[in-house]
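Structure first, then comments.
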Amino acid sequence: MGSQFWDFSLAAYGAEAVEPECLALQESFGVDVNLLLLCAFVGAVRGVALTSDDIAAARAEVTSWHEDIVTPLRAARRRLKAIALPDAQIADAAAQLRKRVKAAELDSEYVEQLLLERWAELRLASRPRGEPREAIAANVAALFKIYGVPEAQGAAARLVEAALARSSSF
């Protein structure tokens, strides 16, 4: 099953400095990176500026999935990396398990993005198209406000640039 949002996210997330910025926002403020990428996607590809109500609704759409599936898989993956094991054979087995958990975590992120993409298709279909750069910046700023992220202009600027650079192929 293809997903324009997933393909966009992989391209934007892979841009220089975007991944570490996203992870820092996730760790420091609990930002759901998939919501952040959705803000970039709908701004870049659809030119849609989201309201704070839109972002709250999108967040509500995936809260259960994110908290019940994504977060526990992420925690298990991280714990598997940090746990001390008594010998190399057991450590190798744990490393293989970690790879499978990491793959499951990525699959769970994909499902979350499918949920968000469906939400956007239903909620934003009739919205007028605006200027992508302004829409992305407004969307990211609105999301940061919801999560209580202080002036993270560097992160926002890098995500805007990455999203714009990748949006032409979507």
Query raised in the report: D68: at pLDDT 95 or above, surrounded by 15 or more Cβ atoms within 10 Å (Cβ to Cβ) and out of contact with any strand residue (DSSP E or B) (no Cβ under 6 Å at 6 or more places or on another chain), yes or no?
Result: no
Query - Hits in region 80-132 - residues which are touching a residue at least 60 places away in the same chain (Cβ under 8 Å) and either among the hydroxyl-bearing types (S, T, Y) or assigned to a helix (DSSP H, G or I) (or both) - result: E109, Y110, E112, Q113, L114, L116, E117, W119, A120, R123, L124, P132
Query raised in the report: Of everything in region 1-27 that's among the hydrophobic types (A, V, I, L, M, F, W, C) and without any contact (Cβ under 8 Å) to a residue 12 or more places away in the chain, which residue is farthest from Q113 (Cα to Cα)?
Result: L23
Query raised in the report: Quick one: which of E27, E67, E16 is assigned to a loop (DSSP other than H, G, I, E, B) and of a type outside the set (V, I, T)?
Result: E16
Query raised in the report: V62: modelled with pLDDT of 95 or more, of a type outside the set (D, E, K, R), surrounded by 11 or more Cβ atoms within 10 Å (Cβ to Cβ) and not in a helix (DSSP H, G or I), yes or no?
Result: no
Report summary line: Note on F170: of the conditions (1) modelled with pLDDT of 90 or more; (2) farther than 13 Å from D54 by Cα; (3) over 17 Å from the mean Cα position of the chain (by Cα), unmet is (1)
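The values are calculated or read from the model by the stated rules, or taken from the named source; none is laboratory data. Since we're looking at a predicted model, the values are computed, not measured. Methodologically, a virtual Cβ is constructed for each residue, glycine included, from the backbone with ideal geometry; neighbour enumeration extends over all protein chains shown.
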